[in-house]
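Structure record follows, encoded as structure tokens.
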Amino acid sequence: MKQECVEEEVAFLSKKILELNKQLMESENAKSKFLSLVANELNNPMTVILRMIEHLKIVEDESNRKTFELICEEVLNLDFRIQNLMSAAEIESGDIHPSHELVSLEEIIEEVLKTLRYLIDNKNAQVVVANRVDKKVVLDSQKLFIILRNLLSNAALYGSQNERIELETMLEGDFLVLRVTNEGEGPDIEYKPQIFTRFAKAPKAESGLGVGLSIVRELALYFGGTIDYEVCQGSVVFTVKLLLDAAAEDSVACGSNEFFFDSFDDAIEL
Amino acid sequence: MILSSATFIHVGQIHVDRAPGAISTVLGSCVSVCLFDPRLQLGAMNHYLLPFWNGNGLQSPKFGNIAIPKLIEAMLQHGASLQTMQAKLFGGASMHSLGGKSMMIGEKNVLVAREILQEYNIQIVAEDTGGQYGRKIQMDLERGKVLLKYTSSAQTEG
């Protein structure tokens, strides 16, 4: 009898939450629609620009060369923002396709730093990389790239001038741990829930769309991982953990491989 | 029959496909809503972890009240109609290993599916939910049938 009462209560409360949630979703749905629309509208011309820019020839002139470099950097910067919007829209549409590749962390870090060179130079920041993962790992390289790029670009963007940014990577059990430390005040711990929400950013932040960390969190969770940050004595530490084992076996939702590869021979049909 | 061409979906994914394709997943306290339009031999499956989005983070289809409307929308976009669409419901087990019983996550996941499907007037033609065992399901779009097997232990995640 008691069990039934509890179940009825849960059913009632669940309905109530569903109703309330609907109002919340209606106001948020506009954001979702806008996100996917904008992402696609921006991405197409961007792709063309990225392709065409390679074919531009520079008339040998120092000031021309500088202008051209600046344009290239800004185009890459813009592309990064658009790629972030695309990722957010993909996650929200349930259209994420995991891929599992043998990746070298060193190469990915190098690639990320290359694309952030302008930002880092601008802040006159010094990036110190301590990569303690000497073997290749099985992961989705593109998603790892997005995670690392967001963490490092945030560190450069929100950190102080002439700062030192540290990137540490290591293996802890089944997890790949990425730790980014930078000098600066960082987002207040009390804003923790908001920081990982889209279109929200640190109250004092001047630029950025506020989607980066929400993407990093979703991607980390997608790989059975976590993200967290700490602020102490003038530095901010972001730590992302990604589960390697699950990614390797391509069976996050499955406890036993025997079961996973089992046939449907004597299955129930509904 | 085992279909090697089946697309496996994880938590937070939505997949739409046509015959002769197949979509499969593994469920614990998670729930999958399978939609099928026999007229087009078109089907779609989601896989969600929790009943409600809490307003934080991205509106990802890890949450029932996001994943089900998006699933229906995806079917409509591919030409299905609400009149001919049928739903099947799976998962929502009470996984003791995850402390699921006390939170009744599985039950809530099933409830939210029933509510939303009713709202859209989509009939639930088959379901296998609750219990203590995980499930492996495969939706065969050629025949519009879902094959189901239970896990041998109560250890399955998702």
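A few comments on the model shown:
- Here A:V216, A:V240 are screened, and the one residue that is under 12 Å from the mean Cα position of the chain (by Cα), modelled with pLDDT of 85 or more and not in a strand (DSSP E or B) is A:V216.
- Among the criteria (1) within 14 Å of the chain's Cα centre (by Cα); (2) within 18 Å of B:E73 (Cβ to Cβ); (3) within 10 Å of chain A (Cβ to nearest Cβ), the one B:P51 does not fulfil is (2).
- Failed item in (1) in a strand (DSSP E or B); (2) more than 8 Å from chain A (Cβ to nearest Cβ); (3) open to solvent by 10 Å² or more (accessible area, probe 1.4 Å), with B:K88 passing the rest: (2)
- Some residue of region B:101-117 being touching a helix residue (DSSP H, G or I) at 6+ places or on another chain (Cβ under 9 Å), part of a loop (DSSP other than H, G, I, E, B) and at pLDDT 90 or above: no
- Filter result for B:R143 (modelled with pLDDT of 90 or more, part of a loop (DSSP other than H, G, I, E, B) and within 10 Å of chain A (Cβ to nearest Cβ)): yes
- Which numbered condition B:H78 fails, given (1) facing chain A (nearest Cβ under 9 Å); (2) at pLDDT 90 or above; (3) open to solvent by 30 Å² or more (accessible area, probe 1.4 Å): (1)
- Taken over region B:30-63, residues that are in a strand (DSSP E or B) and among the hydroxyl-bearing types (S, T, Y) amount to 2.
- Unique match (being touching a residue at least 12 places away in the same chain (Cβ under 8 Å), of a type in the set (S, T, Y) and under 27 Å from B:W53 (Cα atoms)) among A:Y158, A:Y191: A:Y191
- Any hit, region A:40-50, residues being at pLDDT below 85, in a helix (DSSP H, G or I) and within 14 Å of another protein chain (Cβ to nearest Cβ): no
- Scanning region A:179-198 for residues that are touching a strand residue (DSSP E or B) at 6+ places or on another chain (Cβ under 7 Å) and surrounded by fewer than 16 Cβ atoms within 10 Å (Cβ to Cβ) yields one hit, A:I189.
- Every pair of residues 6+ apart whose Cβ atoms lie under 7 Å, when the first sits in region B:5-26 and is among the acidic types (D, E) while the second is open to solvent by 30 Å² or more (accessible area, probe 1.4 Å): B:D17/B:T7
- Restricting attention to region A:13-31, the residues being touching a Leu at 6+ places or on another chain (Cβ under 9 Å) and either hydroxyl-bearing (S, T, Y) or open to solvent by less than 40 Å² (accessible area, probe 1.4 Å) (or both) number 2.
The values are calculated or read from the model by the stated rules, or taken from the named source; none is laboratory data. Computed from a predicted structure; not experimentally measured. Positions of Cβ are backbone-derived with ideal geometry, glycine not excepted, and every protein chain shown enters the neighbour counts. With ligands, DNA and RNA removed, areas are computed over all heavy atoms of the protein, side chains included. Shrake-Rupley method; radii C 1.70, N 1.55, O 1.52, S 1.80 Å.
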